[in-house]
Amino acid sequence: MADDPHAHDDVLDAVGPRLRAIRKQRGATLAQLAESTGISVSTLSRLESGQRRPTLELLLPLARAHQLPLDELVDAPATGDPRIHPRPISRNGVTIIPLTRRPGGIQAFKHVFPPGTPSVEPRLLTHEGYEWLYVLSGRVRMVLGEHDVILMPGEVAEFDTRVPHWFGNPGPEPAEILSLFGPQGERAHVRTRR
């Protein structure tokens, strides 16, 4: 990139369409994004159409709203380092560690459930997508529609996330799972060597 003085311009010119694609992929309107970022709808529209240059003052709130690192939000050129530096998220006492960087497509996560979490009664959720999970350690209670099962280490489950579902840890020790989630119903294809 150092040899090409226009390479930075190419990256900046691609930011607007990328921001639009991320917003649409996540099903957000300009009005919703304006409300969550404090940036006006007209500014967001001009930014997405390329009529306004991206600045840090605009990109930082957008990165927070989309829960993406800034370099991913703008699709900055790769540094050559393939390592992912995940930032754990905590929800209802459960630690969720994103293991993939790219928005869209199949996403990978590690979930760590402390003993007895979440401490609330199961509240079944539904959303678009398809999920595959593998229990690494501990016990995981999975309520899926009319099924209420305990998954042990090494057990695998997969399901359409439009079916009401909930996960928890009924055991006295922490539980950990790996999950793959496809937002548009993509199924994970796992191949094993025979």
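The values are calculated or read from the model by the stated rules, or taken from the named source; none is laboratory data. Just so you know, these numbers come straight off a predicted model, no measurement behind them. Because the Cβ atoms are built from the backbone with ideal geometry, glycine has one as well, and the counts that use them run over all protein chains shown.
Brief remarks follow.
- Within the stretch 94-110, the presence of at least one residue that is in contact (Cβ under 8 Å) with a residue 60 or more places away in the chain, buried (at least 17 other Cβ atoms within 10 Å of the Cβ), within 14 Å of residue 180 (Cβ to Cβ) and touching a Gly at 6+ places or on another chain (Cβ under 9 Å) is confirmed.
- Against the numbered list (1) surrounded by 15 or more Cβ atoms within 10 Å (Cβ to Cβ); (2) touching a residue at least 12 places away in the same chain (Cβ under 8 Å), residue 63 comes up short only at (2).
To keep it simple, each residue is scored yes or no on (1) at pLDDT below 90; (2) among the aromatic types (Phe, Trp, Tyr).
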| position | (1), (2) |
| --- | --- |
| 88 | yes, no |
| 91 | yes, no |
| 99 | yes, no |
| 102 | yes, no |
| 109 | no, yes |
| 112 | no, no |
| 121 | yes, no |
| 125 | yes, no |
| 128 | yes, no |
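- Check on residue 41, in contact (Cβ under 8 Å) with a residue 12 or more places away in the chain and more than 20 Å from residue 105 (Cβ to Cβ): no
- Odd one out for residue 136, checked against (1) part of a strand (DSSP E or B); (2) touching a residue at least 12 places away in the same chain (Cβ under 8 Å); (3) closer than 25 Å to residue 68 by Cβ: (3)
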